[in-house]
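Working notes, beginning with the structure itself.
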Amino acid sequence: MTKLFGTDGIRGTAGVFPLDVPTMRRAGASLTRHLQHELSRPPKIVSGRDTRESGEWLEGAFVEGAFAAGAECRSAGVITTPGIAFLTRHLPADAGVVISASHNEYTDNGLKIFAPTGRKINERMEGQMESDLKCQTPTIYASGAFVDQIRTDDSLSLQRHYLNFLVNDVSPGLTLAGMTVAVDCANGAGSSLARKLLEELGARVVTINCEPDGKNINRDCGSLHPERLQKVVATVSADLGLALDGDADRSLFVDEKGSLVDGDATLWALAQYLQKTKQLPGAKVVATVMSNIGLEIALRSIGVELVRTDVGDKFVLDELLGSGAGLGGEQSGHIILPQVSLAGDGMITTLMLLTAMRTENQPLSSLTRGIERYPQVLINVPVREKRDFSELPLVMESVAWVESELGENGRLLLRYSGTERLARIMIEGPNEALVKGLASEIAKTISDALGG
């Protein structure tokens, strides 16, 4: 059977294995039993969900299984994924459970589990749970346990706990008086919290897509579709536009001129501020192989090294912790500031960006100036087999030639698709005609060697 846990927990169609009621009950019971074995006491579990219509019954099923197996359960109700990561660390709880499929459409959902450190649970625990979930033995559970365990006043209290952290601890002394911020909440988990946060800091807040109905999460809105937000920023003369995704762990921005600011540009703006204020350990920023070489060149100009990882926030976090770097993220807007939180948090990113704007007394367009987007070409080459490229002399010769042509102002990324028989070629450089020609040459070499 296919592996259930990916780099970001379990994700799939709501109502279909493993995101059906019986399996979620088993998941709750399984997590509880394994935690109980390690702790020798009943574990404490905090849970939350985004705004999908399936969220409440999936969370309910999980809590029923956990409660029946002996866990002490609390629910924060509708809350952001990083909100649960925070609560797990600061309550403290023995595990934090999020029911969300992030930026996916409403028909999907997912299960993500955090450890008390605020990181996701380790692969050993995932493997143990996976074995339990694939077992079809029914879980004995207490009917109605979810209703008995979950109280609205407790959920509001937990949400307030997270909001207080954002207001008081992330950027102490930050005031947004006189600023206008336009926010697109993607009809997701940030729909209530984002407005409260920014208004409590003194901003005038204009919101769109903050009316979730269970089915409109991420639909033509949020960080996946920021076009309407760009228009709103211009209409209301906002100082900043914020676009969240469904569980608010990602954030893209719009500057006061209506221009989109993606994750690369956000990393650039924050890196400059943190480096200037001596808050960037090791003068390093971590990003994935998909970040534009323009970011790397811009960072190099201020004495900051860009360290690249595979795609996925898990790999970014691993490198951040391993290297001691203080800033990392992805082009998609998933930014991690490990000295504040080990989870990507769209609202923490927003507060840090606003702090930089206030401290420097500069608009966002000025803070993002200086990063040049280099042309990028992507080519997929069908292959009959996925041989290690190092075993193909002509391909390696072509690679060496391309890299010499690009020098320090270009980049070649060569890899195989994880799901298809495709070799993927990505080349960036200062000249579009050049990178297209180089990509075609290396594609022909790979096709000659492995073409199917």
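None of the figures in this text is laboratory data; all of them are computed from the coordinates on show. The shown structure was predicted, so the numbers you read here are calculated from the model rather than taken from an experiment. Counting neighbours? That spans all protein chains shown, and the Cβs are built from the backbone with ideal geometry, glycine included.
Tabulated data for the structure shown
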read-out	value
Separation in nanometres of the label points that stand 7 Å from Cα toward Cβ, at Leu39 and Met290	3.5
All-pairs alpha carbon distance profile, the range 10-154, 5 Å steps from 0, percent	2, 11, 22, 26, 24, 12, 3, 0
Span from the the range 1-54 Cα centroid across to the the range 74-131 one, whole angstrom	9
Magnitude of the charge dipole, the chain, Cβ model with Lys/Arg +1 and Asp/Glu -1, debye to 20	460
Whole-number percent relative contact order across the range 10-154, with pairs defined as alpha carbons under 8 Å at least 6 apart	31
Mean separation of Cα contacts under 8 Å, 6 or more apart, over the residue count of the chain: relative contact order %	12
Scattering curve values for the chain, log₁₀ I(q)/I(0), Debye with Cα scatterers, q = 0.06, 0.10 Å⁻¹	-0.28, -0.77
Protection proxy ranking of 396-406, 262-272, 93-103 - average other beta-carbon atoms within 10 Å, highest first	93-103, 262-272, 396-406
Net charge, Ala14 excluded, C-beta distance under 13 Å - Lys, Arg +1, Asp, Glu -1	-3
Where labels lie 7 Å past Cα in the beta-carbon direction, separation of Leu91 and Asp220 in nm	3.9
At R0 = 30 Å, FRET efficiency that the Cβ-Cβ distance of Cys135 and Leu394 yields, to 0.05	0.05
Near-label residues of the range 76-120 by backbone N, under 16 Å of a point 7 Å along Cα→Cβ of Leu174	82-83
DSSP bridge orientation in the range 10-154 - percent antiparallel, rounded to nearest 5	45
Antiparallel bridges, percent of DSSP beta bridges restricted to the chain (to nearest 5)	55
Taking Thr107, Thr350, Thr309 and counting other C-beta atoms within 10 Å, the order from fewest to most	Thr107, Thr309, Thr350
Above-threshold pairs, the threshold being 20 Å between Cα atoms, out of Lys120/Lys276; Lys231/Lys257; Lys120/Lys284	Lys120/Lys276; Lys120/Lys284
Span from the the range 357-405 Cα centroid across to the the range 265-308 one, whole angstrom	16
Sequence ranges 236-245, 411-420, 363-372, ranked by mean other-Cβ count within 10 angstrom, highest first	236-245, 363-372, 411-420
Alpha carbon convex hull of the range 171-259, volume per residue in cubic angstrom	84
Sequence ranges 378-384, 343-349, ranked by mean other-Cβ count within 10 angstrom, highest first	343-349, 378-384
Full-stretch length increase - Asn361, Lys278 - with 0.36 nm per residue and alpha-carbon distance subtracted	28.1 nm
Percent RCO, i.e. relative contact order, over the range 171-259, from Cα pairs under 8 Å lying at least 6 residues apart	34
Helical contribution to [θ] at 222 nm, DSSP H n ≥ 4, -39,500 (n - 2.57), averaged over the chain, rounded to 500	-12000 deg cm²/dmol
Unmatched cysteines, the chain - criterion: no other Cβ of a Cys under 4.7 angstrom	Cys73, Cys135, Cys221
Sites Arg421 and Gln339, calculated FRET efficiency, Cβ-Cβ separation with R0 45 Å, nearest 0.05	0.60
